[in-house]
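To start, the structure under review is shown below, and the notes come after it.
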Amino acid sequence: MKVSTNPDKFLWLGNRVALDFVNTEVHPEGRIEELLQTPDDLLHWLTEAGLVKGKIAQIATELGDEELERALKGARDYRKQIRGGLAATGFRKSIPDTLVVRTNHLLAVPTRVGRLILDQRGGRKLASEWEFTTGEDLLRPIAAATAELLVDRDARRIRRCRNPDCILYFYDVSKSNTRAWCSLDICGNKSRAADFRKRHSRKS
Ligand SMILES: [Zn+2]
């Protein structure tokens with residue numbers, strides 16, 4: 001399988017892995033754009049998110065094309081369920097049963113392995129990594145991140161961008177808890193510019 005590189009393709013503005021995952025669907029110029037188009041994209045996203053530590057090409061070869069396609073389809077389905085949960089309630093009230101069931105299904109199989117690493121200078125480290133033997137295993141770290149978000153006590157900090165045309169989510173980590181935009185570059189400035197134009201055209 002060909003492994004491509006897509007630098008700067010993904011958005012990392014959500015402050016929570018599960019929200020960055022939902023943000024692999026973007027909405028520029030009024031149409032939804034899929035950033036997870038191929039299994040390659042999914043592997044690169046998992047790596048950039050810090051969830052996959054091994055070599056992508058090796059994982060791809062070990063899993064095989066069929067499992068990778070299954071993982072991609074599963075990832076998109078799961079993302080839709082997470083987005084559904086976010087859209088309906090912002091995770092504040094009830095969480096859809098289907099999302100809970102799917103998350104628990106993915107969390108029910110332990111695929112995390114520990115490894116004690118000693119270096120020559122006497123350093124010691126306990127590493128914990130995900131293992132991928134099936135396509136579905138690729139979704140388990142995403143499920144763990146989603147579960148973490150679901151139990152977050154401050155769900156009001158989970159917010160959708162104020163631009164009504166934007167579908168990006170973020171977790172507001174600002175002290176003032178007043179973040180409104182996915183990013184000033186993407187929506188903040190555009191919106192300010194639109195406000196300015198509106199005010200200006202009313203005056204003229
Ligand atoms: Zn936005």
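The values are calculated or read from the model by the stated rules, or taken from the named source; none is laboratory data. Please read these numbers as outputs of a predicted model, since none were measured by experiment. Heads up, the Cβs are rebuilt from the backbone with ideal geometry, glycines too, and the neighbour counts pull from every protein chain shown. To get the accessible areas, we keep the full protein, side chains included, count just its heavy atoms, and leave off ligands, DNA and RNA. Shrake-Rupley method; radii C 1.70, N 1.55, O 1.52, S 1.80 Å.
The set of residues in the stretch 151-167 being touching a Leu at 6+ places or on another chain (Cβ under 9 Å), under 29 Å from R112 (Cβ atoms) and at pLDDT 90 or above consists of I158 alone. Between T146, T134, the distinction of being surrounded by fewer than 17 Cβ atoms within 10 Å (Cβ to Cβ) and away from the ligand (no atom under 16 Å from the Cβ) belongs to T134 only.
Tell me the residue from L36, L43, L19 that is within 13 Å of I158 (Cβ to Cβ) and open to solvent by less than 10 Å² (accessible area, probe 1.4 Å), please. Step by step, each of L36, L43, L19 is checked, and only L19 is within 13 Å of I158 (Cβ to Cβ) and open to solvent by less than 10 Å² (accessible area, probe 1.4 Å).
The set of residues from the stretch 62-95 being at pLDDT below 95 and of a type in the set (S, T, Y) comprises T89, S94. Among the residues of the stretch 40-65, the ones that are free of Cβ contacts under 8 Å to residues at least 24 places away in the same chain and either closer than 13 Å to E131 by Cβ or in a helix (DSSP H, G or I) (or both) come to 3 in all. So, in the stretch 74-84, of the ones that are under 14 Å from L106 (Cβ atoms) and of a type outside the set (G, A, S), which residue ends up surrounded by the fewest Cβ atoms within 10 Å (Cβ to Cβ)? Filtering the stretch 74-84 for residues that are under 14 Å from L106 (Cβ atoms) and of a type outside the set (G, A, S), the one surrounded by the fewest Cβ atoms within 10 Å (Cβ to Cβ) comes out as D77. When the stretch 149-165 is filtered for residues that are surrounded by fewer than 12 Cβ atoms within 10 Å (Cβ to Cβ) and within 16 Å of the ligand (Cβ to nearest atom), only P164 remains.
Restricting D152, D97, D65, D119 to those that are over 19 Å from the mean Cα position of the chain (by Cα) and within 28 Å of Y169 (Cα to Cα) reduces the list to D97. Residues in the stretch 172-204 that are modelled with pLDDT of 90 or more and more than 14 Å from the ligand (Cβ to nearest atom) were compared, and the one that is nearest to the chain's Cα centre (by Cα) is V173.
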